[in-house]
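Q: Sending over a structure as structure tokens; questions will come in a sec.
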Amino acid sequence: MEKLNSEIFFNNLIFSLITLIACFVQISLNFLSFFVISQPYILAIVLFLSLRRLNHEPSGILIILFGLLYDMITGGLIGIHSLFLILLKLFTLNFNFSLKILKKYGEWFLFSLSYIISLLIVKFMFLIINFKLPDIYAVSFNIGTTLLLFPIILFLIDLPKVFLNVFVSK
Amino acid sequence: MLFEKSKLYKNRFFNSLLILTCLILIFVGKLDLIAFRNLSSFLTDFLSPISSLVSKPALELENVIKDVQSAALLRKENIKLKNENRRLKIIETKLGNSESEIIELKKLLNFKINQNEIIFTGRVLNISGGTFAKTMVVNGGRVDGIKKGQPVISSLGLVGSIISVGPSSSRVLLTIDINSMVPSYLTQSGWPAIAQGENGKLLKLRFLSSEAKPIIGEIIETSGHGGVFPPGVNVGKIISISNGNYYVQPLPNPQKLRFVSILSSVNLKSHEKSTGFAPLQENQNKINLKGFNKFNN
């Protein structure tokens, strides 16, 4: 039991560190002219991969706190990122159980589905709160770049494993 | 089996509780409590050096991209600049004459000029350009005399206004943010409008009279109504028209901004705030009956 607790703590600690770095990297991306309209959600990719790759899923309270922190750093509407990240977590876990999809593109498909649905729900909430329609082009650009960036990050994560496999097999 | 079912219900309850917490947070956030504002200012202040440090590679990468692009287009750019230089020299001579005339006429009319003093010029620490908020952090705060609501400009025009101030950093709400509204006017026809952000890269002109016929490329300037922004600051230029909506490209590109100036709002006291606006009308050879003419047409 004690071992399990320390393992959960360790997983959450790793998640916290990676998320904190992802927060700042995401903000820094806005200096690149390519992301003139909006920057991709690295935070969402990190959360998804943490849910899939870590042995124990990150705590919901921790996710809410990170969403809150991100909103405070970026000056956005408080709680909107907490809701987005929590929804992403719930959709990722629930679709994971109900969908039996191809293994090769499964993760991308699952991420796309969870990401788009949670983003649309949060955007709808945002619309209700602000009574203003946001720029559709910016939202679609954001979805597009995030979905394109996902396989690249996935490849970069798996790269050391591929190298090790090559060396070990040799 | 029973244990698994109870665990499932427990999970569902916990998840619902988390979503409810988020919704309460959004509601509380919308109330704009001072505690949240102070906490946000403190966090921005505390984390801005880290954010600035992490942004450095992206900034360097952007500079490299810019260098490569400019090197590739050097010859073309040179020809373009030479032509532009020639054209500008002609305009400069014309403007010099007009300017001296304007100064002379203003003196004759005893016209009071609202000159907003630059109280701080600082470096942009970070820009958050997500789809929910468009803000930037500047490395000047309460210590430098910055206050909430002060207008922020760059060499090209209006950038936004200060929304929160920390001890050594401040947050600027960019004009492209969905919550930003800038009272402006069309420089050629003089019609007033509100330039509203859409969380994209363009501004939308709202409350523009149906009689106004803006043209592509027309410059939009601040009108000074409401007393938040000083009059005559460049906001942007009209670049597209779709479904009867006019879209304005802000002149200062937030991503290319490295330095911004914060203006004082001392000269914009409440009694000086304008309440009405009379756009420059075309000279019509008929009696103006304040609105009745429209019904006659």
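The values are calculated or read from the model by the stated rules, or taken from the named source; none is laboratory data. Predicted model, so just to flag it, every value in this text is computed and none were measured. Every residue, glycine among them, receives a Cβ derived from its backbone with ideal geometry; neighbour counts consider all protein chains shown. With ligands, DNA and RNA removed, areas are computed over all heavy atoms of the protein, side chains included. Shrake-Rupley method; radii C 1.70, N 1.55, O 1.52, S 1.80 Å.
Q: Within 10 Å of each Cβ in peptide B:170-181, how many partner chain Cβ atoms are there on average? Round it to a whole number, please.
A: On the way: counts 0, 3, 1, 1, 0, 0, 3, 2, 9, 3, 0, 0.
Average per residue, whole number: 2.
Q: Only Cα pairs under 8 Å and at least 6 apart count here; give the relative contact order of chain A as a rounded whole percent. Numbers along the way, then the final one.
A: Numbers: 129 pairs, mean separation 37.3, N = 170.
With pairs under 8 Å counted, the relative contact order is 22 percent.
Q: Related question: What's the magnitude of the charge dipole for the stretch B:40-110 around its Cα centre, counting Lys and Arg as +1 and Asp and Glu as -1 at the beta-carbon? Answer in Debye, nearest 20. Don't skip to the answer; put the middle values down first.
A: Numbers: 12 positive and 10 negative charges, 101 e Å.
With only Lys, Arg, Asp and Glu charged at Cβ, the dipole is about 480 debye.
Q: Nearest 100 Å² is fine: how much accessible area is buried between B and A, summed over both sides, with a 1.4 Å probe? Write down the numbers at each step before the final one.
A: Working: alone 20730 and 10680 Å², together 27030 Å².
Rounded to the nearest hundred, the buried surface is 4400 Å².
Q: With each run of n ≥ 4 DSSP H residues scored as -39500 (n - 2.57), what mean residue ellipticity at 222 nm is computed for the protein assembly as shown after dividing by its residue count and rounding to the nearest 500 deg cm²/dmol? Please report the intermediate quantities before stating the final value.
A: Working: 10 runs with 244 residues, N = 467.
Taking each H run of at least 4 residues, the total per residue is -18500 deg cm²/dmol.
Q: Roughly how many debye, to the nearest 20, is the charge dipole of the protein assembly as shown about its Cα centre, given +1 on each Lys and Arg Cβ, -1 on each Asp and Glu Cβ, and no other charges? If you can, show how the numbers build up before the last one.
A: Values: 48 positive and 28 negative charges, 111 e Å.
Roughly 540 debye for the protein assembly as shown.
Q: At 1.4 Å probe size, with every protein chain present, just tell me what the per residue accessible area of chain A comes to in Å².
A: For chain A, the per-residue accessible area is 50 Å².
Q: Please give the average number of partner chain Cβ atoms lying within 10 Å of the Cβ of each residue in B:195-202, rounded to a whole number. Kindly include the intermediate steps, with their values, before the conclusion.
A: Working: counts 0, 1, 3, 7, 11, 10, 7, 4.
Partner Cβ neighbours, averaged per residue: 5.
Q: Could you give the size of the charge dipole of the stretch B:161-275 about its Cα centre, using +1 on the Cβ of each K and R and -1 on the Cβ of each D and E, expressed in debye and rounded to the nearest 20? The partial results should precede the final answer.
A: On the way: 10 positive and 6 negative charges, 49 e Å.
The dipole of the stretch B:161-275 has a size of about 240 debye.
Q: Something else: Ignoring ligands, DNA and RNA, what percent of the accessible area of the stretch B:40-110 is carbon or sulfur (1.4 Å)? Numbers along the way, then the final one.
A: Numbers: 3740 of 5920 Å².
With neighbouring chains kept in place, the figure for the stretch B:40-110 is 63 percent.
Q: Continuing with this model, one more query. Taking the square root of 5 times each eigenvalue of the Cα gyration tensor, what semi-axes in Å does the equivalent ellipsoid of the stretch B:40-110 have, largest first? Walk me through the numbers before you get to the answer.
A: Details: eigenvalues 349, 172, 4 Å².
The three semi-axes for the stretch B:40-110 are 42, 29, 5 Å.
Q: In chain A, which helices (entire DSSP H runs) extend 20 Å or more along their own long axis, judged by Cα positions, while averaging at least 0.0 on the Kyte-Doolittle scale?
A: TM-like helix candidates: A:2-28, A:60-74, A:80-98, A:103-130, A:136-169.
Q: Order B:182-194, A:130-142 from most to least packed using the mean count of other Cβ atoms within 10 Å.
A: Working: B:182-194: 20.8, A:130-142: 16.2.
In descending order of packing, they fall as B:182-194, A:130-142.
Q: Here is a further query. Measure off 7 Å from each Cα along the Cα-to-Cβ vector at A:R53 and A:N130, then give the distance between these two points in nanometres to one decimal.
A: About 3.2 nm separates the two model spin labels.
Q: Using +1 at the Cβ of each Lys and Arg and -1 at the Cβ of each Asp and Glu in the protein assembly as shown, identify which of A:L13, B:F259, B:L20 lies farthest towards the dipole's positive end.
A: Of A:L13, B:F259, B:L20, it is B:L20.
Q: Using a cut-off of 14 Å between beta-carbons, work out the net charge of the residues near B:L251 (Lys and Arg +1, Asp and Glu -1, B:L251 not included). Intermediate results must be reported in sequence, preceding the final value.
A: Numbers: positive: B:K201, B:K237, B:K256; negative: B:E218, B:E221.
My count for the surroundings of B:L251 gives +1.
Q: Against the 2.2 N^0.38 Å scaling, with N counting residues, where does the protein assembly as shown land? I'd like the Cα-based Rg ratio to two decimal places.
A: On the way: Rg = 26.3 Å, N = 467, 2.2 N^0.38 = 22.7 Å.
Expressed relative to 2.2 N^0.38 Å, the Cα Rg reads 1.16.
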